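Visitor: Supplied in structure tokens, the structure appears directly below.
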Amino acid sequence: RSPGGIHPRSPPCGGPSSSRSSPPVLPVSYRLSRTRLAFFLRESRPGPAANGSGGGGGGPLQRAEPFVVFQTKELPVLNASLGPFSTSRVLPRELLQPPSPLDVPGQLTVNWKVRAFIVRLRVPATQPVAQVLFYVAGRDWDDFRGTERLPCVRLHAFRQAREVQGSCRLGGGLASCLVQAPLPATWFGPAARPARRRRRPQGPEPGSEGPGPGPQAELYYTLHAPGGAGECAGAGPARAEGPPTRPLLRVGSISLVRPPPAPAQEDHRLDGNVFVRLPVGPLRPGRLLSVLLCLLPNATVDRFTLRVKAKKGVTLLHTKSRSPQWLVNSELLPGGKHSTATVDVSRVDDPTLSPAWDGVPPEVLQLDFEMENFTSQSVKRRILWHVDYRARGPPPDPDKVVTELTVVQRDIQAILPLAMDTEIINTAILTGRTVAIPVKVIAVEVSGGVVDVSALVECESNNEDIIKVSSSCDYVFVSGKESRGSMNARVTFRYDTWTAPLEMTVWVPKLPLLIQLSDAHLSQVRGWRVPVLPDRRSARESEDVAEEEEEEGGGAERRPSRGCTLQYQHSTLQVFTQFHTTSPDGPEGPGGPGAPQGPGVTMLGPDWLVEVTDLVGDFMKVDDPRVAQMVDGSTLAGREPGVTLFKVVSPLMEAVLGETLVTVSDEKVSVTEMKAQVVSSLSLSLHPSPGSSHTILAKTAAQQTLSFVKQEALLSLWLSFSDGSTAPLSLYSPKDYALLVSSLDERVATVAQARAFPLVVAEAEGAGDLLRAELTIGESCQKTRRKSVLATARAAVRVHFGPDGDEAEDEGPGPATAGPGPPAATAPAPAPEDAPTAPPGSAPAGRGLSDLEIGMYALLGVFCLAILYRHKRVPAEGQASMDHSHHWVFLGNGQPLRARGDLSPQPGGPGAPPEAAPARCRPGDRPSGGSSPTSVQSQAHGRGDGSSGGSAREQAEDPVNSPTSKRKRVKFTTFATLPSEEPAYNSVPAGDEEDPEWGAPGGPRDDGHGRGCRVEDVA
């Protein structure tokens, strides 16, 4: 349990497994707040995409995280964060607790459950009442909210085909109540054989540990809402109302017995002539006790003296004769510590008063005692008796007969220990902090009263290797020194002569702990130098030494180069376990937490692992800190070549809870690739976990579309190394690198660099690979001769101010972005009507080219030049044999221009006189702001003014009246931007000479203002 009820969850590196080839996942961090006990989970046998998936195909990155909430008093809050972005969701009530009759309006009842205790397992016919105590476990006893809105409990007792019911309403500080269901006399069996007169033992009846032989009654219960006045109906015989609407929940069985009549009095012989008769059973304070003195059948005594000494707490009030045949004279002497009485008894010499025996012992006298009040539950009071026949005086106490009387405050028939919760999760083994559960002990009287006797009980744990109990018996706890768990750990409570066990379920973490590293083999990163000492300002003076260190290809030691050294790879770490109960036959010896344990029941099932990284964070250490070190609570970094152990140690004893091997190699790896993903916002959703009613699944998706002006987005960067491992750039300290993010089209998006996280700011609609991220080493370790670039990446940006958001992510680039392609590529689809239009004279925004695109376009240009050169070398006489023309391959996602009919034929075609064109559109003129004839980018994508970048030099080398003008050739024609209401094209396909309208001298002219001659106006 984390301090403050906050449960952090670090992002994984490379997915749920430690495989180096695992795809990157969204490095989002989770935090649970407003909980008392909650855990993040992981499947013990995860699937290939258990934790997330990459954003392939332009889709957002996603990550799913299961978790479970055990204890909370309010609705928890789950927070997902990535850099400066964060989103939170309050867990809905229906996910935390399934609908049940125990639901309380306005009250969170997570982990609440009704527990039932049968007061007497053997119900005698003299007290034909079935008594069951119900209470709500899992509820905070210090929280009294909602106790007045708890439901009613109805007890159903079944005997063959008959049913009786009893009902009560849960309430009070313990949310408890006692149900009493009267049982018919016909349910009990025949009477048993009478037993001899003897003292009835106190405490539980023999055989009360379980139902004995004889008739059985089955007990069930249901929960239902109280009536309008708050009453709970349903007592007495069940009425024929059909089957109950709610399922019957079983309580247990009781035995119905008909014991022999118990004697009301008990005889104690004082000698061979007389005996005293006392009542059986406990006495109550303030009650008058009458004791009879009787003669035995063979007694011949006529005179004797009875001496009585009552100890403190018993007062002899008076004496009187029970028969006219006997005269009684008494002398009472009250005292502070005890009271005494001397009673002279003599027979009356009257023949008419001869005794009539008739088998009944004659009663001589009656002594009345009073029980004084006391504070404890029960006490023993003693009375000393002695009969003197010769008046010799009082004998010593050892020669007297002693009788004991039990005086109790209440007539208790059972005690019941109640725990605030029925389970303990022993996290003390991991944290060293005690986990305690409060306990109350209540006594149930014969009359049905319930009394709290917690302060008067004694207690003892049956096995302190599993659970312990406090000296005051007010709570049970685990301290972290336990070695076992159990489904029925017992603590015995004693109150006077009554005893009762408390059974608990104790979960312990399975050892050894599972330590997961995203990369257990850490290497140096070639070319990535980081400062060694903070007081070294620069390493530019150590350029030659650093170059030698890189070229050597490795070394046995990590040699600093004047304040800078090579960076080692970092690894994320997570610690998992399973809470379980060990086998009852498992080891109980002093093996400690690290001892092997037998199989048992696993909490949440064997398919789930519980993350305990935050619990053991203070007890994680590296065996050799020279080899590796902890950067923070969830990151491990290499320091120098070697092998060491990463351990989780016990907080209470010299024991290791889990360990794994970490290898730091002197081999060097390279950054092979850096992937960049734009994250504009996070969306968080909560769902019930499939296949488990206890767990909840949190799904986080990264949205990539910027949907309003000045919206900020983050770049999520992942590094791929030559050894196959991947890691998020956020795993490394920003002090160890420099990240430069630039925009290739600041009309669409700009970059706010002066931030802890470089942010992308939306300016206008557009889409494409408009961002370039460059990862270099830190300024203090840069060299003067060259810029040490570790990796570069392009990131796609989509700015769309419509409502569709990421739903159109796969539909291609936006309206303001020029797509890649050769000069014949078509432009993207037109912008929607609600999108802001560009002002007149503006041009579509271009984007940068990758190295592969530049190379392919250059190769395409070489092919084009080769074709032109070959055409020029074809002899004139061979022209007639060529009956076909070369058709240009059309590249793009649109239709050829002439097929669409979007552009009118252009003047100035081959063979047209120069004067046929307007004076301001001469073939030799270069458009205003034109690009260089050798610019590959402008040829492929066009300039900002919409021209195709055609060279005037090509036209000058092939004049109209040249002998080669009749040969087949390619004409590059420049076009201006179309009006905003028509589709905008970046470039157009070139026509061939077989097209009669393409550049024909007599073609239509658009009044000297053809689209091919508007370049100067646009410029």
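None of the figures in this text is laboratory data; all of them are computed from the coordinates on show. The structure displayed is predicted, hence computed values, not measured ones. Here the Cβ positions follow ideal geometry from the backbone for every residue, glycine too, while neighbour counts run over all protein chains shown.
Visitor: With the cut-off at 21 Å, tell me which of the pairs LYS675/LYS710; LYS735/LYS783; LYS312/LYS380; LYS113/LYS699 have Cα atoms farther apart than that.
Guide: Details: LYS675/LYS710 24 Å; LYS735/LYS783 17 Å; LYS312/LYS380 10 Å; LYS113/LYS699 30 Å.
From the list (LYS675/LYS710; LYS735/LYS783; LYS312/LYS380; LYS113/LYS699), the Cα-Cα distance tops 21 Å for LYS675/LYS710; LYS113/LYS699.
Visitor: What lysines does LYS621 reach when the alpha-carbon gap must be under 19 Å and sequence neighbours fewer than 8 apart in one chain are set aside?
Guide: LYS647
Visitor: Here's something else I'd like to know. By the scheme Lys and Arg +1, Asp and Glu -1, what is the net charge of all other residues having a beta-carbon under 14 Å from that of GLN409?
Guide: Values: positive: ARG284, ARG287, LYS380, ARG381, ARG410; negative: GLU372, ASP411, GLU445, ASP452, ASP496.
Summing Lys and Arg as +1 and Asp and Glu as -1 gives 0.
Visitor: Give the distance, in whole Å, between the Cα centre of the range 428-481 and the Cα centre of the range 296-313.
Guide: Centre-to-centre distance over Cα atoms comes out at 49 Å.
Visitor: Still on this model: Can you give the FRET efficiency to the nearest 0.05 for ARG258 and THR497, using r as the Cβ-Cβ distance and R₀ = 22 Å?
Guide: On the way: r = 25 Å, r/R0 = 1.12.
Using R0 = 22 Å, I get an efficiency of 0.35.
Visitor: Using the per-residue mean of other Cβ atoms lying within 10 Å as a proxy for protection, in what order, highest first, do the peptides 636-647, 147-158 fall?
Guide: On the way: 636-647: 18.9, 147-158: 20.9.
So the peptides 636-647, 147-158, ranked by packing, come out 147-158, 636-647.
Visitor: Please work out how much length the chain gains when fully extended from ARG433 to ASP623, using 0.36 nm per residue of separation minus the C-alpha to C-alpha distance, in nm with one decimal. Before the final figure, lay out each step's value.
Guide: On the way: separation 190, 0.36 × 190 = 68.40 nm, distance 2.43 nm.
Here the segment from ARG433 to ASP623 would lengthen by 66.0 nm.
Visitor: Determine the sum of side-chain charges near LEU686: Lys and Arg each +1, Asp and Glu each -1, restricted to other residues whose C-beta is under 14 angstrom from that of LEU686. Mind showing how you got there, number by number?
Guide: Details: positive: ARG63, ARG89, ARG93, LYS699; negative: GLU65, GLU94.
Here the count lands on +2.
Visitor: Please state the relative contact order of the range 632-749 as a whole percent: Cα pairs under 8 Å, 6+ residues apart?
Guide: On the way: 146 pairs, mean separation 23.8, N = 118.
Relative contact order, the range 632-749: 20 percent.
Visitor: Once you list every other residue whose beta carbon is under 13 Å from the beta carbon of PRO438, what net charge do they have if Lys and Arg are +1 and Asp and Glu are -1?
Guide: Local net charge: -4.
Visitor: Please compute the length gained on full extension between VAL77 and TYR869, using 0.36 nm multiplied by the number of residues separating them and subtracting their Cα-Cα distance.
Guide: Separation in residues times 0.36 nm, less the Cα-Cα distance, equals 277.9 nm.
Visitor: Report the extension gain between THR406 and ASP142 in nm, rounded to one decimal, defined as 0.36 nm multiplied by the number of residues separating them, less their alpha carbon distance. Don't skip to the answer; put the middle values down first.
Guide: Details: separation 264, 0.36 × 264 = 95.04 nm, distance 3.68 nm.
Difference between extended and current length: 91.4 nm.
Visitor: Along each principal axis of its Cα atoms, how long is the range 247-311 end to end? Whole angstroms, biggest number first, please.
Guide: Between the extreme Cα coordinates on each principal axis of the range 247-311 lie 74, 31, 14 Å.
Visitor: So if the hydrodynamic radius of the range 428-508 is defined as the Kirkwood radius over C-alpha pairs, what does Stokes-Einstein give as its diffusion coefficient at 20 °C and 1.002 mPa s, in µm² per second?
Guide: Reported coefficient: 160 µm²/s.
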